[in-house]
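Enquirer: Once you've had a glance at the structure underneath, I'll fire off some questions.
Every number here is computed from the coordinates shown, using simple stated rules; none is lab data. The shown structure was predicted, so the numbers you read here are calculated from the model rather than taken from an experiment. Cβ placement follows ideal geometry from the backbone for every residue including glycine, while neighbour counts extend to all protein chains displayed.
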Amino acid sequence: MQLLRTLLALAYAVSYTAAAHWCYEIQAKEPNSHCQGPADWTGDCKKTHQSPINIVTTEAKMNPDLKPFTFHGYDQKKKWVVKNDGHSVKMMLGDGSFIAGGDLPAQYQAVQLHLHWSQEFDKGSEHSIDGKHFAMEMHVVHEKATSSNKAQDSQDKNAVLAFMVEVGDEMNQGFQPLVEALSHISTPNTNTTMKESCLQDMLPKKEKLVHYFRYLGSLTTPNCDETVIWTVFKEPIKLHKDQFLKFSKELYYDEDKSLTMKDNVRPLQQLGNRQVFRSHAPGQLLSLPLTALLVPTLTCLVTGLLQ
Ligand SMILES: *[C@@H]1O[C@H](CO)[C@@H](O)[C@H](O)[C@H]1NC(C)=O
Ligand SMILES: [Zn+2]
């Protein structure tokens, strides 16, 4: 029994050390830090098809197969669990939400959603568009829905939807449940349950989501597996300045609350021999102001009433 306990403790220590080993540049620069910053990340992080990248819009090749996505379950109101995992804030999405279309080879289940941010308006996104970084970037991580295990390491195992976040002076009601949860998960490895909300309300209006960029890359955290079909949407999410600043104010990287969580951003990687594609914008019909008027702002609330 004693031996078993020792072994378990040891196994825990080893896995804990491995998981706690990598960190962002801002943490690596701290005096007495022993963690590995992005330049020292190992595993696939050293390979050549990595993320994030700078997207040069004039070099993105139009691909007519990049049609709009269909979002399933994104309008469901749920009480999501959200946690501070020491690197970001992560909403656990469980089953029930998935995407199709967008030239994806299959349906992809939404697994989790997390963000990257800074305290400044022009450096918190991981991807940049024509050299411009945004205040934040939101990643909705999906996994290929398949019964076989073959997908485990294939380069299309994940589909990540990336949204840039811009700061303005209008409150974003769809983001408020997440923003309000932040003060309950200040330190790593804590979680809380959010007020009821739906994913759709966190995204830009649906008719804007037809414009996006596509390329093949990697996870932006170790081990940087090159398993991701990236979709970077053109239309940014807009948050109020106070909502944006809550992230770097309420969240910490460490239990001692010595370093607030911000600049959790991997530096840009080389595009190399990869091609970035852009979606084919359908007719201008959808951008008519009338259509915008007909689309309710808080779609999941309306859906809720109809049920
Ligand atoms: C949330 O935290 C509790 C208490 O630490 C833990 O038991 C539970 O597994 C956590 N849930 C998630 C989804 O991480
Ligand atoms: Zn991410």
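Enquirer: If you plug each phi of the range 90-103 into the Karplus form 6.51 cos²θ - 1.76 cosθ + 1.60 with θ = phi - 60°, what whole-Hz ³J(HN,Hα) values come out, in order, with x for Gly and Pro?
Expert: After applying 6.51 cos²θ - 1.76 cosθ + 1.60, I find 10, 8, 8, 9, x, 8, x, 10, 8, 10, 8, x, x, 6 Hz.
Enquirer: Search the structure for amide H atoms under 5 Å from the amide H of A159, placed 1.01 Å from N in the peptide plane, and list their residues when 5 or more places away or on another chain.
Expert: H142, E143, K144, I229
Enquirer: Which order do peptides 247-254, 41-48, 71-78 fall in by mean Cβ count within 10 Å, highest first?
Expert: Numbers: 247-254: 20.5, 41-48: 15.0, 71-78: 18.0.
By packing density, highest mean first, the sequence is 247-254, 71-78, 41-48.
Enquirer: I'd like the distance separating the alpha-carbon centroids of the range 177-242 and the range 98-129, in whole Å.
Expert: If you average the Cα positions of each part, the centres end up 6 Å apart.
Enquirer: Just to be sure I understand: of the beta bridges DSSP finds with both ends in the range 51-144, what percent are antiparallel, rounded to 5? Present the calculation step by step, with values, prior to reporting the outcome.
Expert: On the way: 23 of 25 bridges.
Given both bridge residues lie in the range 51-144, the antiparallel proportion sits at roughly 90 percent.
Enquirer: Let me ask another. Step through the table entries K61/K208; K123/K234; K46/K67; K78/K262, compare each Cα-Cα distance with 23 Å, and write down the pairs that go over it. Intermediate values should be presented prior to the final figure.
Expert: Values: K61/K208 19 Å; K123/K234 17 Å; K46/K67 33 Å; K78/K262 27 Å.
Beyond 23 Å: K46/K67; K78/K262.
Enquirer: May I pose another question? Please report the antiparallel percentage of the DSSP beta bridges confined to the range 106-262, to the nearest 5.
Expert: Working: 25 of 34 bridges.
Looking only at bridges with both residues in the range 106-262, the antiparallel portion is about 75 percent.
Enquirer: Search the structure for amide H atoms under 5 Å from the amide H of T190, placed 1.01 Å from N in the peptide plane, and list their residues when 5 or more places away or on another chain.
Expert: Those qualifying (amide H under 5 Å, at least 5 residues apart or on another chain) are N84.
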